[in-house]
Each structure stands twice: as structure tokens, then as C-alpha cells.
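What follows is a short report on a single structure.
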Amino acid sequence: MNEWTLFWGGSGTSMIGATQTGSLDQESKMEEPDSHDRGSEADKIVDHTDVVADEENSSVKVAGKGKRKFLDEGAETRKKKVLCKRSAEKFLTFGPETMSFIEGLIRTSATSLGDVLSMQMANMERVFTERMEKMEIEVSQLKDAISLTGEGSYPSKKETEEAPLNSKAKEAPPKSKGAQAPPKSKGAQAQPKRKGDQPTPTKKDGKKIATETNDFDFGLSTQDLRDLSQATFVDGFDLSQVKVETLSKSKPFNMAPLQWNDEEMDRTKEDSPDAALVFFREEDWEKVRTWSTSSTPIRIGPATLDFEIANRLMDKSEWLNSLEIDAAMYVFRERTSLKRWRPHRVAFMTVVFSNMIKKEYGHLEAQGRKSYMLHNLLLQFGKGVLPPHGRTHEIWNIDVDRLYVPVHVSGNHWIALCISFVTRSIEVFDCSGKKRYKEVDGFANLIPRIVKAVQPMRHQKDFAVGAYTVSYVPVGNLNKSACDCGVYAVKFIECHALGLELSLLHDGNIIEARHRILWDLWEAANDPELIDRMSKYQSPECLSSTVEEIL
């Protein structure tokens, strides 16, 4: 009672303020121990109790006037451990759906692997069969050659099939008494004949065997034909000729029938995009087969179509020579002059021309550009008098707009050029994709001089002799076999002249392109109109005045 009296009985503001201040201090002092004690109890409760699952915060509320939160750092870790443990216990075993999926996956993989292995085994079996067939063909050819050399006749097909590979040659049947000759050893060569000796025909099974003298309408025997040079360059024959390196090793003149592989032919159809370049009908090709069994070379322009040319065109491992390339250019010229082709105002040059350009460019560099004088034969080319089997008397840049030229470069390689007088440019077609600056420079510098020299006098001052621009046409990486560059050069010229896409030619159809060149040459050699033109052929004056051309 006295305390309440003293508390309210004081006078003045200071007493009240002091009393209030004192009371607040006492109240705070009384709350501090209380809060401390409760915090300790809360800590104990938190430390000795588990985490409740539905607890959102890791703090504990404290009863009292104020609310304080205490962070439990281990709560989250313990919660994660509990969840991982429960998840591991739940997925400890696979369910039926999972097991079914795994079994199906293993079964599908095993089936796919079996299919792949079966396909590979089938391919290996097919390749092995093809190689065995090729080997049998080669063995058969070898037996034919041995039999032809040793006995002078071909074995029949039945004998070839029945005789084992390691069997010895059959003995010749006995001849009439008194005329029996000593047996010839296998592979023995015939003795050379002396002058004046008459060929003695031999008989086998009562049939007469052909003698070695065959008439090819040239009055020459087989031995004489073998002695003739098949090279492009002949000393003293043609001043426009330039000697070039040999493209391939020379082979003896083989008159045996060619070997044909039907699987490598007749792959294309008449309506295919590349039909104009590679297609030929089977009935037409049969004519070439028939010719191959005979021994009759046929004339085609500047060349003679014989088994030497045919073998190079049929064998994909052989480089083409200038003989067949010039013959192909002759066919292109005749098709253009007879209006069988749509292209006009074009000229197809020969290998002789390209060789002369390379030779004369060396003289130009040696003598100097101001002192050099054009060779007369180059002027005859520019006036359309040459090539000999392609005289049109059409002047460059007046009657002709562009030239197509096959060029032999170093490394037994062929390229093709398209020279335009209108754009003063040269397009290079090279299946290897390389740059041929040295070989093309001669054309870029000499062609402008020839064009200016053959123009009428009143127009010569309007022509410059500056070099033509050179560009390389992209054709891709071709010629994987490294022996088809000559075929690509000929077909690039044909493709560009006809306005076809160069992409139509590729390594997949280059074998058919070889066969098509052979068919084109054979067809032209048997064309009645071309045969008539050949019979009326006269050598140009520029050549006949100096050397005599042999037909």
C-alpha cells in the first residue's frame, strides 16, 4: 500500500519520468533472464527432436513478447539423406515395363547385328565370285595365247572349259607319212621367213589354216603392218608435226579377238541424261563384236582403226594415244560440216596443232616478241586449210567463233581447251583439277597473233595481240584410275560443244564413255558418206608442196 502511494503520490513531472524509467529498466531486466532460459530450452528441444516432415522453416518460435528464429544448418542435409534413402529403396528392383523394354532393346540390337553380318558375308561372297570369274577369263586368255603361239590355232571353247589349268598341251595328231615335222615346244616362236620362201599352209583335222598373208586393201602383209611405225611423229612426213613423249609402252600388234564384258556395258538407257555421251544399243554394239573377230583395219580420217586403238579404248588401264584422239576430233569436224550437229562456227583442232603451238611458243620466247615471225603452217590453221582432214577454208574470228583443242601435258596427262575469239578467253578442262600455266601460256599468247594475221588487211589494225585470259572450269576430283584423262578430254569437248552439263561425266560412267568412243569411230569408219568423202580427199597445197602425204 505504501509502495503504490509512493509511486503515485510523488509531485512533479520529473518524479513520474524517473519512476517510468526505473520501471522500464526493471521490466527489461526481468525479461532478459526469462528469454535466455526459454532460448536454452528451445535449443535443447531442437537438438533432441527429429525434423518434422511438414515443417517449412528450420526455425523455432519462442513464446514471449518477441519472436526469434534459430537456424538449424543440419536440417536440410538430414532431409536430403532421408529422401535419397527412400528413393533408393523404392527403385531397388526393376518393374515389368522396364524389364520388357530392356529385353526388346537387346533383341532388336541382336537382330540388326545379324542382318549387318549377313549383308557383309553376301557382299564378300559376291566379290569373291566376281574375282574368280575374272581369273578364269584371264586364265582362258593366257591359254589361248599359248595355244596360238605354240600350235598356230585357237582352242575351242569346249576344250578350254574341259581342260584343267595344270594340264599339258595336247599332242598334235599324226601327219601323213614322210611329212611329219618335229614337235614344237610350248611357246615356241615361228622361224623368220627368208626372201622368196612361199608360206606353207598347215592342216589340222582336215581343215586348212589361214596363212600369215592377209590383204587389208593396202597390199601389205601382217609382218609389214607390224613393221610400220604407229607413232604420231614421223621424220620428214609433216612439218607441222612435233615429237611428243610416249604416252604408254608400245605393245605388239594383236589381232586376237577383243574380250568383252557385258556387265560393264549396257548400264545406261537411251532416255538417261548422259545418253548422248555414253549410250549405245546392243544390236549396234554387236556389229563391233563382229568386226573384232575379223582381221580388217579400217580407215577413219587421219588414222586407221585397228586393234591397237580398240584395245586401248577397251582396256580401262590404258592411256589414250594421239591416234584415237585425233580420230575423235575428225569425227566431230565431220559431224559439224555435215550439219549433223547443231553447233556451228566452231573448229576442232588436232594434237598436231597443239604440239606445234607449244614448239612455236618456245621460239617466241627465245627470239623475243618483236622479232618473232609466225610459222606459215600456223597461218594455214587460222585460214581453215589445216588440219588436212578438216579443211573448211573458214577464217578464224570471221567464220569461226571458238576452237576446241586437246593438249598433252607433262606426266602422261591430257587436258582440253575451249578458245573463244569473241570473249578473248580460254577455258581449261582438266579432270585432275590442277593449274597448267606453262602449257596454256603458248595458246594465250600465240592465238591472238594468228587471229590478227589472218584477218583482211583493212581490219588487222583493229586487233590487239595481247594475251587471252585463262580460266579453269571446276569439274571436281575425277580420274581415280589415273588412266582416263584422255577420255575425259575428248568427252569434255563433246559435252561443252553440245551444251551439256559437265557433271554428266564422272568416274561411274567413264568406262561406258570409252566404249562409246570406240563405237563412234567404228560407225564413222563405216559411214558411206564419210567413205565417199575420204575417197575424194586431196592433201592441202601447203603440205603437198613440201612433203608427200601418204594415205
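The values are calculated or read from the model by the stated rules, or taken from the named source; none is laboratory data. Here the structure is a predicted model, which means the values were calculated and not measured. Every residue, glycine among them, receives a Cβ derived from its backbone with ideal geometry; neighbour counts consider all protein chains shown.
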Residue check for Asp274: of a type in the set (Asp, Glu), assigned by TED's automatic domain parsing to the domain that holds Ser539 and surrounded by 19 or more Cβ atoms within 10 Å (Cβ to Cβ): yes
Please verify whether the range 473-494 includes one or more residues that are basic (Lys, Arg), in contact with a helix residue (DSSP H, G or I) (Cβ under 6 Å, 6 or more places away or on another chain), assigned to a helix (DSSP H, G or I) and free of Cβ contacts under 8 Å to residues at least 40 places away in the same chain. no
Of Arg335, Arg369, Arg342, the only residue that is within 26 Å of Gln460 (Cβ to Cβ) and either in the same structural domain as Ser503 (by TED's automatic domain parsing) or out of contact with any Phe, Trp or Tyr (no Cβ under 8 Å at 6 or more places or on another chain) (or both) is Arg369
Identify, from the list Lys61, Lys90, Lys69, the residue that is loosely packed, with under 10 Cβ neighbours inside 10 Å and modelled with pLDDT under 80. Lys90
Do you know which residues across the range 495-513 are farther than 22 Å from Arg345 by Cα and either modelled with pLDDT of 95 or more or part of a loop (DSSP other than H, G, I, E, B) (or both)? Leu505, His506, Asp507, Gly508, Asn509
Give just the number: which of (1) crowded, with 22+ Cβ neighbours inside 10 Å; (2) modelled with pLDDT of 95 or more; (3) over 19 Å from Val487 (Cα atoms); (4) not polar (S, T, N, Q) does Phe421 not satisfy? (1)
Residue in the range 446-466 that is more than 27 Å from Ile395 (Cα to Cα), assigned to a loop (DSSP other than H, G, I, E, B) and among the polar types (S, T, N, Q) present: no
Any chance Leu377 is modelled with pLDDT under 95 and outside any loop (DSSP other than H, G, I, E, B): yes
Go through (1) under 18 Å from Ser539 (Cα atoms); (2) modelled with pLDDT under 95; (3) crowded, with 22+ Cβ neighbours inside 10 Å one by one and return the number of the condition Met349 breaks. (2)
Of all residues in the range 418-468, which are of a type outside the set (A, V, I, L, M, F, W, C) and closer than 20 Å to Tyr488 by Cα? Glu427, Asp430, Ser432, Gly433, Lys434, Lys435, Arg436, Tyr437, Glu439
For Glu501, state whether it is out of contact with any Leu (no Cβ under 6 Å at 6 or more places or on another chain) and surrounded by 15 or more Cβ atoms within 10 Å (Cβ to Cβ). no
